[in-house]
Structures are given as C-alpha cells and as structure tokens.
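Working notes, beginning with the structure itself.
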DNA sequence: CGCAAAAAATGAAAAATATTCATAGAAAGT
DNA sequence: ACTTTCTATGAATATTTTTCATTTTTTGCG
C-alpha cells in the first residue's frame, strides 16, 4: 500500500517545491507522480497535500509521511549500496561516526592498519548527525561511534579504548612554558583557541575554568589542529589538546604541553556499537585493534 | 530497486521456512515470489539465498536484508495505520514509553484527564524496548518517554515535570518506623524488596547504600507495588518508593515512609520527546498537563 | 531402489499496474 | 489580458507483476 515511490515523491516534492520539478529528478512525468499520489490518497482515505492554487502544502498526514521518508529512504538507499558491495565481493562498509575533534587524529592511526588487515572492508567516517552520535547509531546511519562521552543504554555497548591526558598548550615563549602545571587563575587574561564547539562542551572550560569562576579573555575558533598550533606557537593564544597529540607536533612547532591543575585532566576515548552487531567479525576486529596501545601502532 | 515486497518476502520466508508457505501468507503464488526475488538478485548482482536442495539458506546479503526488513517493515506498517487514523479524523495515537516502575502510577493520573481533554487522541503505553527508551524515541516506536534519567542529546528534548522524594518504606511495627530519617548503616541486615531491575539501577542502592559500602542482607524482586507493600507491611522486608505513592497507600496499609539520609533523595520524572515533534499540539498538551501539580489532579 | 511428495525454477500468457501523452483548468506573474 | 507555470485527468500505451502450467531437484519412505 505505502510504497517506496510514495516516500520518494513526498520527499522530492518538498525538496524541489513542485510535482513537476520532482518528476524531473525522479525521471518520471508530472502525470505519473500525480496519479501515484492520488491513488495512495484514495487508498488511505486522506489527502497528503492541500492543493492551494498551483502549489501543494502538506497536510498533517503529509508531514508525517515526509518525516517517515526522511528517515527510511536513506536507510533503503544505504541498503542498496551495501548489497552491491556484497555483490562486488566486499565485506561491506564500516561506517564510523565521530563526536570529538581530536578523536579524529587518533582514529587515523587506527584506520590505517585496519585497512591493511581488512582489504575487503571499506571505512567511511561521518561527523555530522541530525540526532547526535547516539541517534545515528540507533538509526543505523553509522556502525561505530567514537566519542568521549559513553552512554550505557540498552542495545548499545561502549568500551573505553584509549586513555590520554588533556593538557594546556602554550607557545615556548609563554611565561607559563616552564611551569610544572597551571591553575585556572593564570589563564584569566588569555585568548583561548578551540575547535568550533560550544564552549560549554570543552573540558578545559567545564572542568577547569568554570569551576574556578574564570573566563578566558577571548574565545577564538579554528577548524584545524595545525593552524591552531601555529597560532599558539606564535603567542596569539592558548589551547587544550590531548598530550600525545601535542607531543607529536612538539619537535616541529614551538609549543609546550602543560598539566591542567595539579592532577591534570584524564580523558578516555570510547567506541560504541549496537549490541546486535557485537559479533560482526570485521567490526569486532576494529574495536580490538583500537584497544591495542597507540605506541605499538604509531611506531 | 529494493522494494517493500522484497523485504516482506525475506521476512516471511524466514518466518515460515519456505517460499511456498510465505506465498500463502502474502496472498501470492510461489512463482510470483520466486520471480520477484530472482529479479532483485539479478539487479543487485548477488544471491539472497543459497539454494540447498529444496530449502533456502540466507546468504550474508540475505541476512542483511532480513535485519533491514525486521527494522523497516514495522515502521511502514505503523505508518499505514497512522495514515488511516488521520483519515478517520482521529488525531493519532500518542505512544508513550516508560522506563521506571513507579512512573506508571504517576502516568495513570495524567493520562486520565488527558483522555478527557483529547477525545480524538488514543494513548498507548509501552514498557519494553529493544534499544531502550531513547532508542525507541529515535526509532519512532514511541512519541514520548517517561523516565527518571533524562539525556540531553541533539534531536531530543527533555523536561522535568514532576519532583518527588524517594523514601524508604518500612512496616509500622519496624524498629525504625518512628525515626526522623535512616542512615545506610541501619539497613545492613534488611531484606530489600524491589521491582525487577538490576540492583545497580536502584537509587537506594547506588545513591545511598553503595556509597556507604553497605549491602542489604538479601534482595527480593516483586512485580507489583501492592504486593511489595503488603510484604513490607508484614515485616518481611523494606523497599524504596516515591513518597507520594507511599502516602496514598498509607491509610490502607501498615507502612511508613522514612527519609533516606538527612537530606533525603530527591528525584524527578522527565518527559522526553523528539525535537521535531515539539509543536504537535496534542503532544504539547500532554506535557503541559503533566507539568501541572499532581495535587490539582488527584483531588 | 523406486516412487510419491514437496519445494523451487522457469517460460509463456494473462492481469494488473504504472507511465505517458494530450489536454484541460486554475492560479500567478507581467 | 496574456503568458507561463502549475496540477489534474482520461485514454492509450508500456511495463511489470502475477498466474498458470510444467519442469527439475531433492527428500522421505515403503
């Protein structure tokens, strides 16, 4: 009764604004779409659009269908792709979602040996999710979530795979450069450089500065790690990054890692999967590979 | 390319064990099914079943399709029902999911006036979810989640609608019955009666006993509130429940609420919805009704 | 073993469905 | 007012699905 074509039409009409335009995209005639939808409307007994002049406005039922289409069609499309991958003899695509910027650097180190181990598995990395990483896992948009905030919920399985310390990064000329650690009060006058993330989600803010009632003088947002570190090296600000990441750049750039507070900020990277996927071999292998110490891999 | 019928066939063949049997259920002939699937197999280029003698065994691709079918078909079926509801002039069904036992008692108080206010909306309550309450929200299994653990994730919106105190419940004859409050140490020898939930998820355990290093002598599990309270009244154990719930039973049963620790344990019930549903009127109305003080309703 | 039963595959025919074509009607833009 | 831009619709056509009739393969069983 309710077929894929109906969902496609509803979605495409919404995107293009008219039946006629949608017909072009779907490689059908306007008439075909009109007939199809009319038939569905008769079958279910309710209109999907209000015909207002020469334009269509979704009814309540139509809006519901649109939401359904936006949700199901991508899954069907992904399924078609995946079937073709099976046909091509590939195992499939491991679709990885990421929720933190520095995770990306870490991930690269894992993906590279993984691709060697599993030549018939493709890896795809996504970073934007309508409903966040967890939603993407539930919706089968991704198969694996890399995140600093695990969430133990039924149906999902999280595992810590990597421990690291989040440190402050300053230029080698900075007055603090030699200190054994820094206190929040010492950062009041600084420019804080970070990835484009709301300040509330930054560890250096919510675990270090905010509890002490300190705010940075200014907050600057930069997309890439390299540029961020160049800014820091040239004394234009400070930032916070994983220690291992800073150490990798330390010989090429004039930057110094510093412990945040006496105890430092300890962090972990977690991998999350759907419980039902727990025994897919190539997924299991990824998690196991990720768990192996980074040292062994980065050699 | 990949159509609903293919998913239906895969699912039904799995359920009934053969194409022939599936054909009966789907009101088609065995031949029709065979042709349909053959065509799909040719299109995607991979077999879906291994033909072993006169039986079919799913290939990897087939298993993948089966998982897809089990996931998508229920959503399509639900959508068809819902469209017909729209057609019948009904507003739809408000599907409520619940993640905590005592929430149920509270929910009943809200649902009753809601049904009066919205005669053309049906209410359905579900309690079991493959992927937990959050997963059910994301998967559109439910429209509203009642839970004590909110989760601020993009795409979801949680709101506290009800505050209550979680208290210890003892029989009127119990030695502690007159105390102003209880300390964890006083419960070391007791039998703890609870709903069937892992002990780690119980507030009385993880917020009260565990931090003090105390374990109850024994943990007994009971399904219903009434029986639980009868057990408590007869001195066979203690339990923890919302204060308002205990007070409702207090005149019929020999039970006494006691504060847990000096400060007590404060709890809240949250309602979670999908952000995209935020302006569905009958959903909004439910949340608003739920927010109104319980006193006003239970009168 | 040989035969009946059960299941899937297949080709051709029939039925059903979807699509197009041609056109009408309605609204919006100029 | 005229042109353009939409959607709707009926009839004709094309395509797809389904059935029917049969074949092939396998399995169970006396």
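The values are calculated or read from the model by the stated rules, or taken from the named source; none is laboratory data. Keep in mind that this is a model prediction, so the values were computed, not measured. Note that each Cβ is placed from the backbone with ideal geometry, even for glycine, and that neighbours are counted across all protein chains shown.
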Scan segment A:9-23 and tell me whether some residue there is more than 32 Å from the chain's Cα centre (by Cα), under 26 Å from residue B:7 (Cα atoms) and more than 9 Å from DNA strand D (Cβ to nearest atom). no
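Let's see how each residue does on (1) more than 7 Å from chain A (Cβ to nearest Cβ); (2) surrounded by 15 or more Cβ atoms within 10 Å (Cβ to Cβ); (3) closer than 30 Å to residue B:235 by Cα:
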{"position": "B:84", "(1), (2), (3)": "no, yes, no"}
{"position": "B:93", "(1), (2), (3)": "yes, yes, no"}
{"position": "B:120", "(1), (2), (3)": "yes, no, no"}
{"position": "B:137", "(1), (2), (3)": "yes, yes, no"}
{"position": "B:142", "(1), (2), (3)": "yes, yes, no"}
{"position": "B:145", "(1), (2), (3)": "yes, yes, no"}
{"position": "B:161", "(1), (2), (3)": "yes, yes, no"}
{"position": "B:168", "(1), (2), (3)": "yes, yes, yes"}
What are the residues in segment A:18-46 that are away from DNA strand C (no atom under 12 Å from the Cβ), closer than 29 Å to residue B:89 by Cα and touching a residue at least 12 places away in the same chain (Cβ under 8 Å), if any? A:44, A:46
Could you please find all residues in segment B:143-157 being farther than 18 Å from residue A:149 by Cβ and either in a loop (DSSP other than H, G, I, E, B) or without any contact (Cβ under 8 Å) to a residue 60 or more places away in the chain (or both)? B:143, B:148
Kindly indicate the residue of segment B:240-258 that is within 11 Å of residue B:166 (Cβ to Cβ) and touching a helix residue (DSSP H, G or I) at 6+ places or on another chain (Cβ under 9 Å) and also surrounded by the most Cβ atoms within 10 Å (Cβ to Cβ) among those meeting that condition. B:241
Residues of segment A:196-206 that turn out to be surrounded by fewer than 20 Cβ atoms within 10 Å (Cβ to Cβ) and modelled with pLDDT of 90 or more, as a count: 0
If we scan segment A:6-20, do we find a residue that is out of contact with any helix residue (DSSP H, G or I) (no Cβ under 8 Å at 6 or more places or on another chain), within 11 Å of another protein chain (Cβ to nearest Cβ) and part of a helix (DSSP H, G or I)? no
Checking residue B:110 against (1) in a helix (DSSP H, G or I); (2) touching a residue at least 12 places away in the same chain (Cβ under 8 Å); (3) touching a helix residue (DSSP H, G or I) at 6+ places or on another chain (Cβ under 6 Å); (4) more than 24 Å from residue B:225 (Cα to Cα), the condition it does not meet: (4)
Return the total of residues in segment A:55-73 being in contact (Cβ under 8 Å) with a residue 24 or more places away in the chain and within 14 Å of DNA strand D (Cβ to nearest atom). 4
Out of (1) within 12 Å of DNA strand C (Cβ to nearest atom); (2) touching a helix residue (DSSP H, G or I) at 6+ places or on another chain (Cβ under 6 Å); (3) at pLDDT 95 or above, the one residue A:1 does not meet is (3)
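Within 11 Å of DNA strand D (Cβ to nearest atom), farther than 30 Å from residue A:268 by Cα and modelled with pLDDT of 90 or more: is that true of residue A:29 in this structure?
Judged against the criteria, residue A:29 is a match.
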Take the residues of segment B:29-78 that are assigned to a loop (DSSP other than H, G, I, E, B) and surrounded by fewer than 16 Cβ atoms within 10 Å (Cβ to Cβ): which is nearest to the other protein chains (Cβ to nearest Cβ)? B:45
Conditions (1) on the phi < 0 side of the Ramachandran plot; (2) assigned to a loop (DSSP other than H, G, I, E, B); number of the one not met by residue B:140: (1)
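Restricting to segment A:218-239, give me the number of residues that are touching a strand residue (DSSP E or B) at 6+ places or on another chain (Cβ under 6 Å) and surrounded by fewer than 21 Cβ atoms within 10 Å (Cβ to Cβ).
7
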